Amino acid sequence: MKLKKYENKELRKSKIISLVLACVCIISIGTIIYQSYANYQMKATFRIINGKLKMSGGSGDIEFAFYNGDKTLTTMPTKNNEEDLVFIKATCTNDAVIKWNDDDWDNIVVNNLKKTKTSCGLYFGNIVQKICTLAGEDSGACYLAKQSETDTTNLAYDDTDDRNLRYIGATPYNYVYFNCEDGVEASKETCETWRIIGVMNNIEAEDGNIGSYLKIIRDKFEKNYSWDSSYSENNGYGINEWSQADIEKVLNDEYLYRRTGTNPCYKDADYSTEACPDWTNIGIGESSRNMIVSVKWNIGTMSVDYFNNPNLITASYMYEAERSSHNGKEVCVANGGGKYCNDNVTRTTTWPGKVGLMYPSDYGYAVGGDARTTCLEKSMSQYYNDQCMTNDWLYDVRNQQWTITPVSFATNAYSVFRAHSTGLVTYDYASGANAVRPTLYLKSNVKIALNDAEDYGSVDNPFVLEYSEN
C-alpha cells in the first residue's frame with residue numbers, strides 16, 4: 001500500500017507539471033497572437049464612421065473622444081463642416097500617437113499602439129484657436145490670429161488645407177523691426193525694417209514639432225546676385241537645387257553669422273563674381289539670430305514642363321507644387337537631358353535651414369483688395385493685369401526678385417522662379433542676377449509687443465518683437 005501511495009503522489013506531481021506547462025504554452029501563444037494583433041493595429045488605418053463609434057468602453061485596443069474646445073462632440077467633424085472647425089491636436093494614453101492628415105479626415109492613423117485600453121482625444125476648434133494652441137497664447141502668431149477676427153482688409157486666410165494667415169493688399173500694416181542692435185530699444189536708428197508675410201501653419205521645425213510660426217521677409221533688397229553659378233555644369237548657367245545654391249550658402253553662413261570671405265557672391269554665368277557687402281555689419285546679429293527657428297523648407301516644383309504650361313501656376317497650384325516630390329531636373333532628364341541638364345547634383349524637395357527666400361505662392365497669396373478673388377483664380381504669369389500686381393505688397397516695380405523654387409523645363413535644369421518687375425511670376429537662369437530678400441521663420445515664443453496705436457505695424461510705427469530664451 002505504501003508503494004501505491006508513493007506512485008499516486010508522483011502521478012499527481014506529474015499532472016501538476018503538465019498543467020503548468022500547458023498554461024505556459026497557452027500564455028505564450030496568446031502573447032504571440034496579441035503582439036501580432038498589436039503590430040497590425042500599430043500600422044492600421046482606423047476608419048471613423050460618425051455616429052457609430054463608441055465614445056467610451058469601445059471594443060478593441062483603442063477608443064476615441066472628440067472635442068470642440070471643452071465641449072464633447074458626439075461625432076467627429078467632417079472636413080468641410082458647417083462650423084468651419086479645424087483639427088488642432090490629439091492626445092493619447094499609452095504613448096500612442098495620432099498621425100493626422102488634413103487631406104483625409106475620414107481616416108485616422110495611429111502609431112505606436114502597443115497596449116490595450118488606449119484612449120485618444122481629438123481636439124477641434126476655429127483657426128484662431130488652432131494657431132493660439134500650437135504657437136502659444138503669448139506668441140506673435142496668436143496676436144495676429146486675434147487681429148484677423150476684426151481686420152479682414154489686411155489679413156486673410158488662404159485657401160490651402162494649412163489655412164495660413166497672410167497679409168494682403170498693396171499697403172498692409174505688416175512692418176516689423178528686426179535685426180536690431182543688441183541690448184538697445186527698437187527704433188529706426190537701431191533696427192532694420194522687415195515685413196511679416198503671415199502666420200504659416202503646420203510647419204515642421206528641425207526638432208520635428210509641428211507648429212504655427214511668423215514668417216518675415218527683409219523689406220530692403222540687397223544687391224542683385226546669382227541664385228547659383230556654375231562653370232562646368234549645365235553649360236555654365238547654374239544648378240536649380242536650393243540646398244546646393246551659392247546664395248543659400250551665403251545667406252546661411254556669412255549673412256546669418258556675420259562672417260565674410262568664405263563664400264563669394266556671383267552675378268552672372270561662369271562664376272562671374274560681384275563684391276559682397278560687409279556681412280559683419282549688416283548680417284544677422286546674435287539676439288535676432290536666436291529668434292529664428294530652423295524649419296523644413298519645401299523646395300519641390302511642378303511636375304510638368306513650364307514652357308508648355310505657364311497658365312497652371314496659380315497661387316494654389318504652386319503651393320501644392322512647392323510641397324510635392326517633384327524637383328527641377330526630372331522633366332529635363334525624362335526628355336533626354338543634354339548639356340543644359342548635365343549636372344551631377346542630387347536633387348531634394350525639402351531643405352532644413354534658417355534663411356531662405358519667398359515662395360512663388362507667397363507672392364501670389366499677397367494680393368488683396370477687390371482684385372483678390374479674380375487674381376487668385378489667375379495664373380501668376382498674368383499678374384501684370386486685372387490690378388493683381390498693384391494690389392500685391394510683395395510686388396516691386398524696380399526689381400526682379402528671386403524665389404526659392406526651381407522651374408521644371410524639358411530643356412534645362414538651371415531655371416528658377418522669380419517675381420518680375422512687370423508684376424508676373426516668370427523664371428530666370430540660376431546664374432542670372434536678381435534681388436535677394438532674406439526670408440525666415442520666427443520661434444513660437446517670439447511675441448509682438450502690445451500697442452494700441454492705430455498705425456501700429458505701419459512703416460512709421462513697425463511692430464516691436466519681444467523674445468526671451470526662457
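Since every read-out is calculated from the coordinates, none of them should be taken as a lab result. No experiment lies behind these values; they were computed from the predicted model shown. Here the Cβ positions follow ideal geometry from the backbone for every residue, glycine too, while neighbour counts run over all protein chains shown.
Observations, loosely collected:
- Whole-angstrom Cα spans of the stretch 95-144 along principal axes, big to small: 41, 23, 14
- Mean shadow area of the stretch 101-239 over all directions, Cα convex hull, nm²: 15.3
- If the segment from residue 100 to residue 184 were pulled out straight at 0.36 nm per residue, it would be longer than the present Cα-Cα gap by 25.9 nm.
- Rg to Rh, two decimals, where the chain supplies the alpha carbon set and Rh follows Kirkwood: 1.13
- When the P(r) of the stretch 149-208 is calculated, the portion above 17 Å amounts to 56% of the C-alpha pairs.
- Cα gyration tensor category, rounded, prolate or oblate, for the stretch 335-470 with a/c compared to 1.5: oblate
- The chain: DSSP helices with Cα axial extent of at least 18 Å and average Kyte-Doolittle hydropathy no lower than 0.0: 2-43
- Here the relative contact order of the stretch 274-363, from alpha carbon pairs under 8 Å that lie six or more residues apart, stands at 39 percent.
- Here the stretch 68-103 and the stretch 189-216 have alpha carbon centers that stand 25 Å from each other.
- Euclidean distance between Cα centres, the stretch 121-160 to the stretch 266-290, Å: 35
- In loop segments of the stretch 193-256 as defined by DSSP, the GluC sites (Glu not before Pro) with at most 16 further C-beta atoms inside 10 Å of their C-beta are 206.
- Dipole magnitude for the chain: about 3420 debye, using +1 per Lys or Arg Cβ and -1 per Asp or Glu Cβ, origin at the Cα centre.
- The trypsin sites (Lys or Arg not before Pro) of the stretch 161-264 that meet both conditions, a loop assignment by DSSP and at most 12 other Cβ atoms within 10 Å of the site Cβ, are 188, 220.
- Helical contribution to [θ] at 222 nm, DSSP H n ≥ 4, -39,500 (n - 2.57), averaged over the chain, rounded to 500: -6000 deg cm²/dmol
- Loop-resident sites, the stretch 307-404, for GluC sites (Glu not before Pro), counting at most 16 other Cβ within 10 Å (DSSP): 377
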